[in-house]
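J.: Take this structure, written in structure tokens, and hold onto it; I'll ask about it next.
Any read-out appearing in this document is the output of simple, stated calculations on the displayed coordinates, not a laboratory observation. Note that this is a predicted model, so its numbers are computed, not measured. Neighbour counts run over all protein chains shown; Cβ positions are idealised from the backbone, glycine included.
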4 protein chains.
Amino acid sequence: MISVGIVGGTGYTGAELLRILVSHPGVSLHAVTSRSEAGRPVADLYPNLASREDLVFVEPDPAGLKQCECVFFAAPNGTAMHMVPELMEAGVRVVDMAADFRIKDVATWEYWYKQTHACPGLLQSAVYGLTELNREQIRTARLVANPGCYPTAVILGVLPLLEQGLPEHAQVIADAKSGVSGAGRSPNVPALFSEAGENFRAYNVSAHRHWPEIKQELQGITSTSVNLTFTPHLTPMVRGIFATLYVSGVDRTLDLHSTYQQRFARENFVEVLGEGALPETKHVRGSNYCRLSVQRPYDGEIVVVLSVIDNLVKGAAGQAVQNMNIMFGLDESLGLLQSGLFP
Amino acid sequence: MISVGIVGGTGYTGAELLRILVSHPGVSLHAVTSRSEAGRPVADLYPNLASREDLVFVEPDPAGLKQCECVFFAAPNGTAMHMVPELMEAGVRVVDMAADFRIKDVATWEYWYKQTHACPGLLQSAVYGLTELNREQIRTARLVANPGCYPTAVILGVLPLLEQGLPEHAQVIADAKSGVSGAGRSPNVPALFSEAGENFRAYNVSAHRHWPEIKQELQGITSTSVNLTFTPHLTPMVRGIFATLYVSGVDRTLDLHSTYQQRFARENFVEVLGEGALPETKHVRGSNYCRLSVQRPYDGEIVVVLSVIDNLVKGAAGQAVQNMNIMFGLDESLGLLQSGLFP
Amino acid sequence: MISVGIVGGTGYTGAELLRILVSHPGVSLHAVTSRSEAGRPVADLYPNLASREDLVFVEPDPAGLKQCECVFFAAPNGTAMHMVPELMEAGVRVVDMAADFRIKDVATWEYWYKQTHACPGLLQSAVYGLTELNREQIRTARLVANPGCYPTAVILGVLPLLEQGLPEHAQVIADAKSGVSGAGRSPNVPALFSEAGENFRAYNVSAHRHWPEIKQELQGITSTSVNLTFTPHLTPMVRGIFATLYVSGVDRTLDLHSTYQQRFARENFVEVLGEGALPETKHVRGSNYCRLSVQRPYDGEIVVVLSVIDNLVKGAAGQAVQNMNIMFGLDESLGLLQSGLFP
Amino acid sequence: MISVGIVGGTGYTGAELLRILVSHPGVSLHAVTSRSEAGRPVADLYPNLASREDLVFVEPDPAGLKQCECVFFAAPNGTAMHMVPELMEAGVRVVDMAADFRIKDVATWEYWYKQTHACPGLLQSAVYGLTELNREQIRTARLVANPGCYPTAVILGVLPLLEQGLPEHAQVIADAKSGVSGAGRSPNVPALFSEAGENFRAYNVSAHRHWPEIKQELQGITSTSVNLTFTPHLTPMVRGIFATLYVSGVDRTLDLHSTYQQRFARENFVEVLGEGALPETKHVRGSNYCRLSVQRPYDGEIVVVLSVIDNLVKGAAGQAVQNMNIMFGLDESLGLLQSGLFP
């Protein structure tokens, strides 16, 4: 049993991590911390976890966390970087579900996250935890930077095309739609039911923090320069990301469908749909799967890839557990095979 | 043209009042006040009002408001009572859409609203603005207390039964369901899309401020004592109230359907459905109508009345305009005959 | 491993049964039948079950089903009664999730279901599968009539009050709200997104088939006559039932909260909330729990009980599996402890 | 008063047309036809039209329709072409809200609509009713082909860029999201609340009938060849279309914002948002407005235009009335200035 700690368990990604871990057969929950809710039973805040009435939020005490083998950070950006060095020194392995260690270049990180990085020395050794891309490095990683939700859907969607090689200056356009849970649990007007319900809108069209993250990873996969356009939207549902990806310059002789099938044939959680089938977010709601389809509509210049995930599972807590499983030598899918909830 | 002022135009009821008044042929908008948004075009905050780009929020200045013939308060509870006396002295007629003047008994009001009333002397002369109940008094009223959304749906629903007379200690149970816009525009966790969406819950079961308001009015209609149980619920839609009303002790010889039809035959905005038909909130979304059905299921002891309104229209801004029309001698339905939005 | 068959696996309750059984450690799925989808992989129709790509729908062949130890019927009303006698003769134990065996009186059944019963001789021996009421009989039952979704929420909600005894002619009013999945997967206009979304309505107010079912069971619990009013509503969410229950005549000296706590203290799947707490459907979405609160608002005549379940789990497939666990001597909660999905 | 007939008034676009026309001051409704609902009051099917209890569906009788000055077809594709020649001969002017006259090339039309065209001779003289593109021709048109909902949002969105000229082989990618009402009122599984709710999906990615329509019109605006990719999606709301448009090859020296502002400066129903502002579908719900923003994110190669409309208003019935106003010399915005419904 891996002794696990969670820092910041009160947000939606923390709650989802708990949902997965309470039924994970290889994990023992050592500490779930929350400064604001310390002393309160977890099932009081999240009654869906009623079967684990014993769990109680505790203060985020480094001494307690150091006794864990693995600590997950489900806290806001800029939290983990202040605690991770001390935990790592104590031998704890860390999965940060926030953005502190996702960007390799410290200046870029500081520009986008508008703060000084507390431990830039860790950025290079942190492994970007997109499992299907970096599985081998994750095995031995001490610190995993769990990807953002949009980057997970987008990078998985274009990965096979980039690995096959794109011409210089190819365009990658990621039109991404997220459920409202992606906006977190902090109250704000645009996330109110009366505003987000029966509404569809784009946001941060000119600058979203997932843009440099996606760009960095795409650039890492291919040696040619990639032009990335990324447009995030909010759609009136709670969970799910749907990314519609438009890629120009793809070799017309490439068999798209079989390229995708081969790339992901051995993957546990990536399903390439049969030709003609199209993915829906509801099919992965509550599950760790990414479902993909690829096509060249109207035999045109543009290849269209559709990629769906649950933003809270494969886009956050599920992938974090998938990475933990790998880090500790467990079966990668342990605790993650619950079927999604449909309808 | 009636010169109109609105105090507190930034909430949902204020926005709805504006939506109705900008196309009302008998009204000239003199001032729309908002302390927080002063100087900002109304259509910037509420782009659905784009056809009226000239409207700009102004500071709530008594001098300006005194030039109006009619001032609506769409502000939080406890706001109007501090401004109304001065406005009334200047000859302005007032419709308060909040609760400051709904309860006749000052001690009861202060108990439920947890503050000292600033002008208790006005409580007796204020007219409770349920149009179908108090039309004649509204004509000459200087101050109208516009009813709460739940009270409107509930009282209209049981009015004919109470007017026919109920035995002592009859039970009236009001099981009421509201769309989330009833919770207002202030951000709070339970009103977030991720919390209120795909969720149904009750709230304030043991104490809701509309209980004394409904109780007072029911008691005013009938001379016997009424036992009122009122359970408010939140349903995952933006607009609408559905009240399911259970009344015991109704005379079995009463022809329910014709009693209701006769009572509301001359009403512009209350429709009694044909026997067997049932109302739906969507049929009144965006309109000022109340739709009712009455039945005695399984020929049992309990009469069941179903009553639907749009909480922001007949339950707030629409009824307020209906009252203004009456106060100023206009056709009661002027500016209020827009069809609801379906689907 | 119990060898299990499912008849009619293509509707929502069948899909939900599959979702639960594919991760149930004590069950081996022998046959999932569907006349319309025979030959098609289950994961093709329900991609949320992607981890079980081996499952394929087969024709509903009695020979194959007879090899099962337990057969679930997730088929429309009137299906099971034609197949159950033959299966039972072959020693198969049956859980019918439809209504064929819920009503003891054949004339009543035929009146409400508008058809002749094919095996009225089985009605008396069929056990009504409300686990918390009939656990001991379920252990040895050959045929379990799994309760309807509304009856489950309603009966659990008033059970402790009825067991304590009510005066003659006490009123039980069940105001129940269901998610749209309760209407099934057959296409019909009122269940369209554009009709049911942003809408709240009642239906079958004067006659719903769950009325005689609830009435029969309430009458079985208490020796006094119960007056039941039952109003079903449709609320714009996919899953969940919220029952608001109004009971008159409850002994004022009864400690409501402790009565409920004691009654359900040993139950796995019924949670009585702390005083002041109120249940929400979202807290049980995807889980087998029923959550209850009980109160006497305004210290009035009426006791109000709030009861929530997921209509597809505790209201259908989950309770069916709970019953199967009991019938076959397994731990009652085996395979049923997955946390609900929140948010 | 223009004497108006409506053929096929029972679908959502017919109902919306009625909603607009019943409060249009320049129109007299002569006949609303429906084969299936003949004899039924319109307000019985669409209770939101309760203020017009006099309207009754009649059989689609050509004799009656010939007495109209203007006939709208809100019927399925392939209906109007069988009735239009006879009506036009009788001097009736026609607005077809279906697709019968949108495509100029008969072979293309027959390929996409899978039937033989009944009156190909009318295709050339029919005017494509995108008001902002063809206003002058609409004035004198005898037959207007009202645009599809997606084409309206897409073409308005890229119109100024195409009019400025694009290089040969520029890419136009239209990622479009529609509310579920676009799927119509005929019951089908994917449009059920339980399927479309809490779900996001694409459909007809490889072939959608609006592709040739958009392509034809874009090609008509610019002399260079346009590569069009069009991906329609379904988003869980009732009304609204959000089109995210990606255009390559736009001249970098072009001032995007002022180009758009100038192009639409005199338009009644197209609003170009201020720089930095982004449109939301909810802002146009129930109104005839199109709201647009244009930007070049990250100073990249791709210009991104966001375009929102209500699919049933500017995307169907509203634009149809706008065209009728022009055809009959009325103020273009007559009867169309109702504010949208927010929230």
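J.: Counting alpha carbon pairs within less than 8 Å and at least 6 residues apart, what relative contact order, in whole percent, applies to segment D:1-157?
T.: So the answer I get is 19 percent.
J.: Chymotrypsin sites (Phe, Trp or Tyr not before Pro), restricted to segment C:137-221: which are DSSP loop and have at most 16 other Cβ atoms within 10 Å?
T.: Counting only loop positions with at most 16 other Cβ atoms within 10 Å, the chymotrypsin sites (Phe, Trp or Tyr not before Pro) in segment C:137-221 are C:Y203.
J.: Now for a different question. Please provide three numbers in whole Å: the alpha-carbon extents of the protein assembly as shown along the principal axes, with the largest listed first.
T.: Per principal axis, max minus min of the Cα coordinates gives 85, 77, 63 Å.
J.: Under a point spin-label approximation (7 Å from Cα along Cα-to-Cβ), what is the D:D255-C:H82 distance to one decimal in nm?
T.: 7.6
J.: While we're looking at this one, here's another question. Measure off 7 Å from each Cα along the Cα-to-Cβ vector at D:R266 and D:E59, then give the distance between these two points in nanometres to one decimal.
T.: My value for the distance between the label points is 4.9 nm.
J.: Further, regarding this structure: 7 Å along Cα→Cβ for the label point: how many nanometres lie between D:K114 and each equivalent label in the other copies, listed shortest first?
T.: Nearest first, the other copies' label points are 3.3, 5.3, 6.2 nm away.
J.: Further question: Kirkwood Rh over Cα pairs of segment A:187-343 into Stokes-Einstein at 20 °C, 1.002 mPa s: D in µm²/s?
T.: Value of D from the Cα-based Kirkwood radius: 122 µm²/s.
J.: GNM on chain B, C-alpha springs below 10 Å: top fluctuator among B:S293, B:S51, B:S333?
T.: B:S51
J.: Hey, could you pull the Cα Rg and Dmax for segment D:83-141, both in Å?
T.: Rg, Dmax (Cα atoms, Å): 11.9, 32.
J.: Which of A:F328, A:F269 has the fewest other C-beta atoms within 10 Å, and how do the rest follow up to the most?
T.: Ascending number of Cβ neighbours within 10 Å: A:F328, A:F269.
J.: Moving on to the next point. Stick to Cα atoms and the Kirkwood definition of Rh, then tell me Rg/Rh for segment D:255-332.
T.: 1.04
J.: Okay, next question. Are there trypsin sites (Lys or Arg not before Pro) in segment B:229-337 that DSSP marks as loop and that have at most 16 other Cβ atoms within 10 Å, and which are they?
T.: Counting only loop positions with at most 16 other Cβ atoms within 10 Å, the trypsin sites (Lys or Arg not before Pro) in segment B:229-337 are B:R252, B:R266.
J.: How far, in whole Å, is the nearest Cβ of chain B from the axis relating it by rotation to chain D, and which residue carries it?
T.: Closest to the axis: B:L341, 3.
J.: Using all C-alpha to C-alpha distances in segment B:237-276, build P(r) with 10 Å bins and read off the rounded percent in each one.
T.: With a bin width of 10 Å, the distribution comes to 22, 45, 28, 6.
J.: Right, here's the next one. Top mean-square fluctuation among D:T13, D:T152, D:T231, Gaussian network model of chain D, C-alpha springs under 10 Å?
T.: Highest fluctuation among the options: D:T231.
J.: Let me ask something else. Whole number please: convex hull volume per residue of the Cα set in segment C:46-130, in Å³? List each step's numbers first, then the result.
T.: Working: hull volume 11.2 nm³, N = 85.
In segment C:46-130, the Cα convex hull volume per residue is 131 Å³.
J.: Distances from A:G64 to the same position in the other copies: list them in nm, one decimal, shortest first, using label points 7 Å from Cα along Cα→Cβ.
T.: Copy-to-copy label distances for A:G64: 5.3, 5.4, 7.6 nm.
J.: Still on this structure, I have one more. Fewest first, what order do A:T235, D:T222 take by the number of other Cβ atoms within 10 Å?
T.: Least crowded to most crowded, the residues run D:T222, A:T235.
J.: OK, next. Provide, in order from the shortest bin, the percent of all Cα-Cα pairs of chain B in each 10 Å bin, continuing until the bin that contains the maximum pair distance.
T.: Calculated over all Cα pairs of chain B, the distribution is 6, 26, 35, 24, 8, 1, 0 percent.
J.: Using 1/(1 + (r/R0)^6) with R0 = 56 angstrom and r between the beta carbons of B:S333 and D:Q124, what's the FRET efficiency to the nearest 0.05?
T.: Once rounded, the FRET efficiency stands at 0.70.
J.: Kindly provide the helix-only [θ] at 222 nm of the protein assembly as shown, computed as the sum of -39,500 (n - 2.57) over DSSP H runs of four or more divided by all residues, to the nearest 500 deg cm²/dmol?
T.: -8000 deg cm²/dmol
J.: At A:P85, label 7 Å along Cα→Cβ: distances to the other copies, nm, ascending?
T.: Spacings between copies for this position, smallest first, are 6.4, 8.1, 8.5 nm.
J.: Restrict the search to segment B:154-257; then list the GluC sites (Glu not before Pro) that DSSP places in a loop and that have at most 11 other Cβ atoms within 10 Å of their Cβ. Walk me through the numbers before you get to the answer.
T.: Values: sites: B:E163, B:E168, B:E195, B:E198, B:E213, B:E217; in loops: B:E168, B:E198.
Of the GluC sites (Glu not before Pro), the ones in loops of segment B:154-257 whose Cβ has at most 11 other Cβ atoms within 10 Å are B:E168.
J.: Taking R0 as 56 Å, what FRET efficiency do you get between C:A277 and C:E89 from their Cβ-Cβ distance, rounded to the nearest 0.05? Kindly include the intermediate steps, with their values, before the conclusion.
T.: Working: r = 49 Å, r/R0 = 0.88.
With a Förster radius of 56 Å, E is 0.70.
J.: Classify segment A:115-186: rounded, prolate or oblate, from the alpha-carbon gyration tensor (a ≥ b ≥ c, eigenvalue square roots; a/c under 1.5 rounded; otherwise prolate if a/b is larger than b/c)? Intermediate values should be presented prior to the final figure.
T.: Numbers: a/c = 1.77, a/b = 1.15, b/c = 1.53.
Oblate is the answer for segment A:115-186, as a/c is 1.5 or above yet b/c matches or exceeds a/b.
J.: In whole percent, what relative contact order does chain A give with Cα contacts below 8 Å and a gap of six or more residues?
T.: Relative contact order of chain A: 17 percent.
J.: While we're looking at this one, here's another question. List the relative contact order of segment A:116-240 as a percent without decimals, with contacts defined as Cα pairs under 8 Å and 6+ residues apart.
T.: Contact order relative to length: 32 percent.
J.: Could you name the lysines in cross-link range of D:K314, using Cα to Cα under 26 Å and dropping any fewer than eight places away on the same chain?
T.: A:K177, B:K282, D:K104, D:K177, D:K215, D:K282
J.: What is the order of B:E53, D:E301, fewest Cβ neighbours within 10 Å to most?
T.: Exposure proxy ranking, most exposed first: B:E53, D:E301.
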